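Comments concern the structure below.
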Amino acid sequence: MFFENSDDELEYESYSNFLESDLLIYVENEFDIKFWRFVLEENSYLKKFPNYEFSPYSDGSSQGKKAILKYGDFAKTKNGKVLICIDSDYDHLISKNYENPYILQTYLYSVENFSLEPNCLNHILKKEFGDISIDFQDFFKKFSEIKFHDFLNDIEREKNGEPRVNLNIRKIRNDETVQKYLENLGNPKANEIDLDIDIFDKNNLQLFLKGHDVFELTTSIIQQIQKSFLESKKENTRNSLQGRQLGNKIKEIENRKISIPQLLLSNCELCLKREYQPILKVFNKIGEDIQNV
């Protein structure tokens, strides 16, 4: 529900009464609801409000953040009964913070970035596919070294209000190895500056770059891992079975194919519960904000 009239408070009261809701939580889109519900539950905020409702901005555009931030002043009048939950983008990195306790932000670029902690990725992939051919901690460290110079330039452009550049974070191609992908990105460039920001980790740049792009890259790599895993299973089966048994077993293996984006989304909660750094540091910072509401 998004208010179009100037009498926001009156519409809020009627909307709240209609839903029998004690708490209204604005988020940028439906994708973000699961994350913010988890964060608010883990910090015991939802216990105060037995009836709550998430309100995603859902016109399909990229304007959700701008749209829900308009309700910042309105939220101040409701004493914690209206929250606005947004992706930080680069805001925190350029010291653009919100002097409003009812606006909560991710601090990482977006919700998607919480799924990309490398140690946790290694853990869930080993559980799902056994021994894998990639160490995500090593991959993202090398990726970060190569992209760090361009990332700093992008931050400076954001600070100066200039258009940001395309950092060319693409998906891995079907015929491309992870090593070849890194080689194609280029070589690390020297940097004379660093970012002295509490949560920043230059070895895990994937947490601070545009979440959708890095999420798609990671998805494409894991899809390769899954494809290789299933093909290996099929090959072993062809060498040991034949006839109807072989056909049934091949179908069984094909049915083991899972949605990689969904696997990554489940990785987010696992990272937080297993207390992986640097995700835990960011999670605790959001928790401090929630305690101050």
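The values are calculated or read from the model by the stated rules, or taken from the named source; none is laboratory data. Quick caveat: nothing in here was measured; it's all calculated off a predicted structure. Positions of Cβ are backbone-derived with ideal geometry, glycine not excepted, and every protein chain shown enters the neighbour counts.
How many of the residues in segment 155-184 are of a type in the set (D, E) and in contact (Cβ under 8 Å) with a residue 24 or more places away in the chain?
1
Listed residues S240, S266, S232; which is in the same structural domain as E128 (by TED's automatic domain parsing), in a loop (DSSP other than H, G, I, E, B), among the hydroxyl-bearing types (S, T, Y) and out of contact with any helix residue (DSSP H, G or I) (no Cβ under 6 Å at 6 or more places or on another chain)?
S240
The conditions are (1) of a type in the set (A, V, I, L, M, F, W, C); (2) in a loop (DSSP other than H, G, I, E, B); (3) more than 20 Å from the chain's Cα centre (by Cα); (4) more than 27 Å from K285 (Cβ to Cβ), and I172 fails exactly one of them. Which is it?
All conditions pass for I172, except number (3).
Of these, V111, V82, which one is in contact (Cβ under 8 Å) with a residue 60 or more places away in the chain, of a type in the set (V, I, T), crowded, with 16+ Cβ neighbours inside 10 Å and touching a strand residue (DSSP E or B) at 6+ places or on another chain (Cβ under 6 Å)?
Being in contact (Cβ under 8 Å) with a residue 60 or more places away in the chain, of a type in the set (V, I, T), crowded, with 16+ Cβ neighbours inside 10 Å and touching a strand residue (DSSP E or B) at 6+ places or on another chain (Cβ under 6 Å) holds for just one of V111, V82, which is V82.
If L195 passes every condition in (1) closer than 28 Å to I134 by Cα; (2) part of a loop (DSSP other than H, G, I, E, B); (3) hydrophobic (A, V, I, L, M, F, W, C) but one, which one does it miss?
Going through the list (1) closer than 28 Å to I134 by Cα; (2) part of a loop (DSSP other than H, G, I, E, B); (3) hydrophobic (A, V, I, L, M, F, W, C), L195 breaks only (1).
Kindly establish whether N166 is part of a loop (DSSP other than H, G, I, E, B), surrounded by fewer than 18 Cβ atoms within 10 Å (Cβ to Cβ) and either assigned by TED's automatic domain parsing to the domain that holds E117 or of a type in the set (V, I, T) (or both).
yes
Kindly indicate whether any position in segment 185-194 is among the hydrophobic types (A, V, I, L, M, F, W, C), touching a helix residue (DSSP H, G or I) at 6+ places or on another chain (Cβ under 6 Å), in contact (Cβ under 8 Å) with a residue 60 or more places away in the chain and assigned by TED's automatic domain parsing to the domain that holds K126.
The answer is no; no qualifying residue exists.
Only one residue in E235, E254 is within 18 Å of F129 (Cα to Cα), in contact (Cβ under 8 Å) with a residue 24 or more places away in the chain and exposed (fewer than 12 other Cβ atoms within 10 Å of the Cβ), so which one is that?
Working: E235 fails: in contact (Cβ under 8 Å) with a residue 24 or more places away in the chain.
The conditions single out E254.
Of the residues V282, V293, which is in a helix (DSSP H, G or I) and either surrounded by fewer than 19 Cβ atoms within 10 Å (Cβ to Cβ) or out of contact with any strand residue (DSSP E or B) (no Cβ under 9 Å at 6 or more places or on another chain) (or both)? Walk me through it before giving the result.
Working: V293 fails: in a helix (DSSP H, G or I).
After ruling out the rest, the residue left standing is V282.
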